[in-house]
Amino acid sequence: MSESGPPKKRFPLTLDFVTGIAGRKKAATPHRLNSTQTATQNAAKAAGQTSTQSGARSPTGTRGSQPAGTVTGTVSSVARTAAPRMQPVTAMATDRHANVPLVSDAVRKAMVQRLAEQGVRDPMVLAAMEAVPRHLFLEPGLASQAYIDASLPIGYHQTISQPYIVARMIEILREGTSGKLKKVLEIGTGCGYQAAVLAQVADEVYSIERIRPLHEQARNNLRPLRIPNLRLHYGDGMLGLPQAGPFDGIILAAAGLEIPQALMEQLAIGGRMIAPIGNNEQVLKLVVRTGRNEWLADTLERCHFVPLRPGTFG
Ligand code: SAH
């Protein structure tokens, strides 16, 4: 709450009580969401187009806005010169992907070029997006579409987030941090892709998934990548992970109507949380904890995520 704002309310606070960050300090540079692709639109478009891998998976076969490999444009000078040298996350081909045609590093580089053109500036985030092989997080039938800027089905009515929104949210989380973030919590592991990207920019990453088969799928996807600083948990992310907190960064990959109070509490003082909020109309909210009983919030760009749901499944 701003000192000049209404009288301080003690925790727990709903977002309605949290004053805008903009009133006190300059808000994170607002960027418009350039792509019209959204998670549910893509999942819906995918419906019925190709065969499914398992009964529980959503129908797959999404066509995105562009076929992979047709991305044009040049890398911005920021991306080309300032990106830190990050080790690519390599994996031995797993059986699951043994028959997938080789998805070249060049296609992933083109995705990163496009992200830079869409306004993602943080060199560490761009390097992380280049390091993580997104195609390994998709079923083989979708792997060739892994580097289009679209969310795609991962089963259980859930989706892997669009690359732009993954990069943008992590960039917002990192704003004002020169090196790596220390400890980050992700709510909504899904297939594990964003968690793997987060693990490139943070010392320790914890990620919670409420759907057990997806939690297990993420484990399988991540195993060959051998990422030592990433821990996956099965449970209700709305409760956070009090035993591991407080966190310098919290990122929600699913949209609730408000930010769960447990997560507000588990944010370290000075920490940043980025969360989609809303139902049909959603916006990204940034919450910064400025004191023991003080949080500031700001509304950023529009977005579209699957819903945040309480409890566990499976
Ligand atoms: N992070 C993923 C996106 C997954 S989609 C990526 O890399 O692309 C969002 C995920 O949030 C879904 O898998 C959904 O099951 C999960 N989710 C929704 N509510 C949750 C909750 N309360 N706790 C944990 N996970 C939740």
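The values are calculated or read from the model by the stated rules, or taken from the named source; none is laboratory data. All of these numbers come straight from a predicted model, not from anything done at the bench. All Cβ positions, even for glycine, are placed from backbone atoms using ideal geometry, and neighbour counts span all protein chains on display. In case anyone asks, the SASA skips ligands and DNA or RNA and just uses the protein heavy atoms, side chains included. Shrake-Rupley method; radii C 1.70, N 1.55, O 1.52, S 1.80 Å.
How about the stretch 175-200: which of its residues are within 14 Å of the ligand (Cβ to nearest atom) and among the hydrophobic types (A, V, I, L, M, F, W, C)? Quick ask: steps written out before the conclusion?
Here is the first cut: in the stretch 175-200, the ones within 14 Å of the ligand (Cβ to nearest atom) are 184-200.
Matches in the stretch 175-200: Val184, Leu185, Ile187, Cys191, Ala195, Ala196, Val197, Leu198, Ala199.
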When only residues in the stretch 244-267 that are among the aliphatic types (A, V, I, L, M) and open to solvent by 20 Å² or more (accessible area, probe 1.4 Å) count, which is farthest from Lys183 (Cα to Cα)?
Leu257
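Listed here are the residues, each with its yes/no results for (1) under 19 Å from the mean Cα position of the chain (by Cα); (2) farther than 19 Å from Ile172 by Cα; (3) without any contact (Cβ under 8 Å) to a residue 24 or more places away in the chain.
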residue	(1), (2), (3)
Glu216	yes, yes, yes
Leu222	yes, yes, no
Tyr234	yes, yes, no
Met238	yes, yes, no
Met264	yes, no, no
Arg272	yes, no, no
Evaluate the stretch 142-150: report whether one residue or more is within 11 Å of the ligand (Cβ to nearest atom), in contact (Cβ under 8 Å) with a residue 24 or more places away in the chain and either under 16 Å from Val197 (Cα atoms) or in a loop (DSSP other than H, G, I, E, B) (or both).
no
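Residue by residue, here is whether (1) open to solvent by 10 Å² or more (accessible area, probe 1.4 Å); (2) modelled with pLDDT of 95 or more holds:
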{"site": "Thr177", "(1), (2)": "yes, no"}
{"site": "Val184", "(1), (2)": "no, yes"}
{"site": "Ala195", "(1), (2)": "no, yes"}
{"site": "Leu239", "(1), (2)": "yes, yes"}
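Do we find that Glu258 is acidic (Asp, Glu) and within 14 Å of the ligand (Cβ to nearest atom) in this structure? Let's see the steps before the verdict.
On the way: acidic (Asp, Glu): yes; within 14 Å of the ligand (Cβ to nearest atom): yes.
So Glu258 fits the description; yes.
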Across the stretch 202-243, what is the number of residues that are among the aliphatic types (A, V, I, L, M), over 24 Å from Leu267 (Cβ atoms), within 12 Å of the ligand (Cβ to nearest atom) and touching a Leu at 6+ places or on another chain (Cβ under 9 Å)?
1
Would you point out the residue of the stretch 197-235, among those that are polar (S, T, N, Q) and farther than 21 Å from Ala167 by Cβ, that is surrounded by the fewest Cβ atoms within 10 Å (Cβ to Cβ)?
Asn220
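Filter the stretch 274-291 down to the residues that are out of contact with any Phe, Trp or Tyr (no Cβ under 8 Å at 6 or more places or on another chain) and within 16 Å of Asp248 (Cβ to Cβ), then identify the one that is surrounded by the most Cβ atoms within 10 Å (Cβ to Cβ).
Only one residue tops the list, namely Ala275.
Of all residues being of a type outside the set (A, V, I, L, M, F, W, C) and within 14 Å of the ligand (Cβ to nearest atom) in the stretch 292-314, which is surrounded by the fewest Cβ atoms within 10 Å (Cβ to Cβ)? Just the residue, please. Show your work before the answer.
Residues of the stretch 292-314 of a type outside the set (A, V, I, L, M, F, W, C): 292-294, 298-299, 301-302, 304, 307, 309-312, 314.
Now narrow it down to the ones that are within 14 Å of the ligand (Cβ to nearest atom): 304, 307, 309-312, 314.
Details: His304: 23, Pro307: 15, Arg309: 15, Pro310: 11, Gly311: 9, Thr312: 15, Gly314: 13.
Within the stretch 292-314, the match that is surrounded by the fewest Cβ atoms within 10 Å (Cβ to Cβ) is Gly311.
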